[in-house]
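A.B. asks: First the structure, which I've put down as structure tokens, then a few questions once you've had a look.
The values are calculated or read from the model by the stated rules, or taken from the named source; none is laboratory data. All figures in this text were calculated on a predicted structure; none of them were measured in a lab. Methodologically, a virtual Cβ is constructed for each residue, glycine included, from the backbone with ideal geometry; neighbour enumeration extends over all protein chains shown.
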Ligand code: SAH
């Protein structure tokens, strides 16, 4: 007689949980794999210290669950976080558990992994750059050094050393010849340092604290074991911070690099369109600054395409097509291709650009640029044209709806014939978050405002209110991309603090760096 073995009930296969480290704060320090998983995720369960800026990488349909905690304030208890992970794994294919730094360094990541194993849920770990190493590195402290420390110990500073059964061997730590890095130790600083001293560590041992390491909000200082707790209190130093104890900390004055960056800690307002702000923001971040996006313009389509369409259809009849902005190039070619035209129709005309970035945008379409201004303003294009024979030549200038007429008038004056067509409009943005910007200005939290065109100036004044501009902008560095923009700033009764010598975004950022390098 054969007994039939009962088949297990068929259950849907749970998804995989990825324990992902987002790095210590600098968005450049996330790993490629971590970003990939964030982009794939159906659900992201994230913490207080997890890089929230990465959430915008998630799919619009991804479910975002905040389970963060700060100090005593637990948004969600650990036991509940474990349950959420298990539940989400049953609902979705790809669940990301996003944590700051590395998920297994004091992140309770291992406990969560154990719970997943117990629940039969597959998981993977995507390690991250831990603050235990990165925060000291950004503060000029290498955690090991052949002449200073051949070992490094990561210690939780969360545990009260006075508790009866401390799992930390303080005597051993105090004798340790390597570097000690304490995480979560700000609150217990006095107890930590006195425990080390009472167990025989020299009170003169170099010690440093690094708060919000790797971010433009980083602050750090060097002291010694005996005095660091007192100094921290004096400075009002708060979490999150790492404490580094050991001779490596003495290298800080020599190896400091991040806090010496020209824009370190400076808040820089970017007023150009959102799409164009991203690259600029990256460069500001790279210089240690805090970019703040406040788009005052939005690039929009022309109200009426008929002029542009006509010029596109007859493009082959022109001798020259001149672009005075990247926006003009993008708008022209977008319309050109979307209306079914073919690049071979542009075999006839020569192309000219106001500056290198505009030229690059033209070259992207496989087109050679035969005229480039030396000064990146309309006058510069005219100067370049003076060396050519343009009498009787036909020019097309696809550009913004509102622009100066220096170039078309100059070309006409030199005997050329010009068609100016509106390829795009620079409008006020549909939504502008004015209140927080006004508040930041009033609180003197903004150090620099970048103006990258005349319309960013006029729109900024319109949004913030030109009546208050004088008082709100007092002491703020007004950074202008070039003479035309500077003139517009002056029309509002203000004086640009600096003007780029090369009228490009890079030129502007160089001028800002230079301003702060020279104090
Ligand atoms: N898994 C994280 C650590 C989590 S424990 C990691 O690998 O970095 C939280 C503690 O990490 C904080 O109390 C603080 O001590 C430290 N920490 C996290 N981010 C930090 C940062 N940007 N700067 C300094 N310390 C940080």
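A.B. asks: Which ones in the stretch 32-49 are outside any strand (DSSP E or B) and within 13 Å of the ligand (Cβ to nearest atom)?
C.D. replies: Across the stretch 32-49, the qualifying residues are 34, 47, 48, 49.
A.B. asks: Considering only the stretch 121-132, I want to know if a residue exists there that is part of a helix (DSSP H, G or I), over 14 Å from residue 34 (Cβ atoms) and in contact (Cβ under 8 Å) with a residue 40 or more places away in the chain.
C.D. replies: Here is the first cut: in the stretch 121-132, the residues part of a helix (DSSP H, G or I) are 131-132.
Now narrow it down to the ones that are over 14 Å from residue 34 (Cβ atoms): 131-132.
If we keep only those that are in contact (Cβ under 8 Å) with a residue 40 or more places away in the chain too, we end up with 131-132.
Scanning the stretch 121-132 turns up at least one residue that is part of a helix (DSSP H, G or I), over 14 Å from residue 34 (Cβ atoms) and in contact (Cβ under 8 Å) with a residue 40 or more places away in the chain.
A.B. asks: Still on this structure, please answer the following. Do you know which of the residues in the stretch 98-120 that are more than 8 Å from the ligand (Cβ to nearest atom) and surrounded by 20 or more Cβ atoms within 10 Å (Cβ to Cβ) is farthest from residue 51 (Cα to Cα)?
C.D. replies: So, considering only residues that are more than 8 Å from the ligand (Cβ to nearest atom) and surrounded by 20 or more Cβ atoms within 10 Å (Cβ to Cβ), the one farthest from residue 51 (Cα to Cα) is 116.
A.B. asks: Sticking with this one: Looking only at the stretch 136-149, which residues are farther than 20 Å from residue 25 by Cβ and either at pLDDT below 95 or touching a helix residue (DSSP H, G or I) at 6+ places or on another chain (Cβ under 9 Å) (or both)?
C.D. replies: 144, 145, 147, 148, 149
A.B. asks: Restricting to the stretch 236-259, what's the tally of residues that are away from the ligand (no atom under 15 Å from the Cβ), part of a helix (DSSP H, G or I) and surrounded by fewer than 22 Cβ atoms within 10 Å (Cβ to Cβ)?
C.D. replies: Of the residues in that region, 6 qualify.
A.B. asks: Tally up the residues in the stretch 260-273 that are under 13 Å from the mean Cα position of the chain (by Cα) and part of a helix (DSSP H, G or I), please.
C.D. replies: Selection size over the stretch 260-273: 0.
A.B. asks: If you check residue 467 against the conditions, is it surrounded by fewer than 20 Cβ atoms within 10 Å (Cβ to Cβ) and not assigned by TED's automatic domain parsing to the domain that holds residue 292?
C.D. replies: Numbers: surrounded by fewer than 20 Cβ atoms within 10 Å (Cβ to Cβ): yes; not assigned by TED's automatic domain parsing to the domain that holds residue 292: no.
Answer is no for this residue.
A.B. asks: Further question: Go through the stretch 407-430 and give me each residue that's free of Cβ contacts under 8 Å to residues at least 12 places away in the same chain and surrounded by 15 or more Cβ atoms within 10 Å (Cβ to Cβ).
C.D. replies: Scanning the stretch 407-430 gives no hits.
A.B. asks: Looking at 173, 151 in this structure, which one is under 20 Å from residue 241 (Cβ atoms), more than 16 Å from the ligand (Cβ to nearest atom) and not assigned by TED's automatic domain parsing to the domain that holds residue 89?
C.D. replies: Working: 151 fails: under 20 Å from residue 241 (Cβ atoms).
When all the criteria are applied, what remains is 173.
A.B. asks: Can you confirm whether the stretch 34-46 contains a residue that is under 30 Å from residue 279 (Cβ atoms), modelled with pLDDT under 95 and in contact with a helix residue (DSSP H, G or I) (Cβ under 6 Å, 6 or more places away or on another chain)?
C.D. replies: Looking for residues that are under 30 Å from residue 279 (Cβ atoms), modelled with pLDDT under 95 and in contact with a helix residue (DSSP H, G or I) (Cβ under 6 Å, 6 or more places away or on another chain), one finds none in the stretch 34-46, hence no.
A.B. asks: Suppose we filter 429, 436 for residues that are within 29 Å of residue 323 (Cβ to Cβ) and either under 23 Å from the mean Cα position of the chain (by Cα) or not in a loop (DSSP other than H, G, I, E, B) (or both); which single one remains?
C.D. replies: 429
A.B. asks: Let me ask you something else. Kindly evaluate residue 186 against the criterion of being within 29 Å of residue 257 (Cβ to Cβ), within 11 Å of the ligand (Cβ to nearest atom), touching a residue at least 24 places away in the same chain (Cβ under 8 Å) and assigned to a loop (DSSP other than H, G, I, E, B).
C.D. replies: In short, yes.
A.B. asks: Please go through (1) modelled with pLDDT under 95; (2) surrounded by fewer than 15 Cβ atoms within 10 Å (Cβ to Cβ); (3) more than 14 Å from the ligand (Cβ to nearest atom) for residue 230 and return the number of the only condition it doesn't satisfy.
C.D. replies: Single failed check for residue 230: (1).
Rundown of residues vs (1) assigned to a helix (DSSP H, G or I); (2) touching a residue at least 24 places away in the same chain (Cβ under 8 Å), yes/no style:
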| position | (1), (2) |
| --- | --- |
| 470 | yes, yes |
| 478 | no, yes |
| 485 | yes, yes |
| 488 | yes, yes |
| 495 | no, no |
| 507 | yes, yes |
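A.B. asks: Within the stretch 121-148, how many residues are within 14 Å of the ligand (Cβ to nearest atom) and farther than 23 Å from residue 260 by Cβ?
C.D. replies: Here the count works out to 5.
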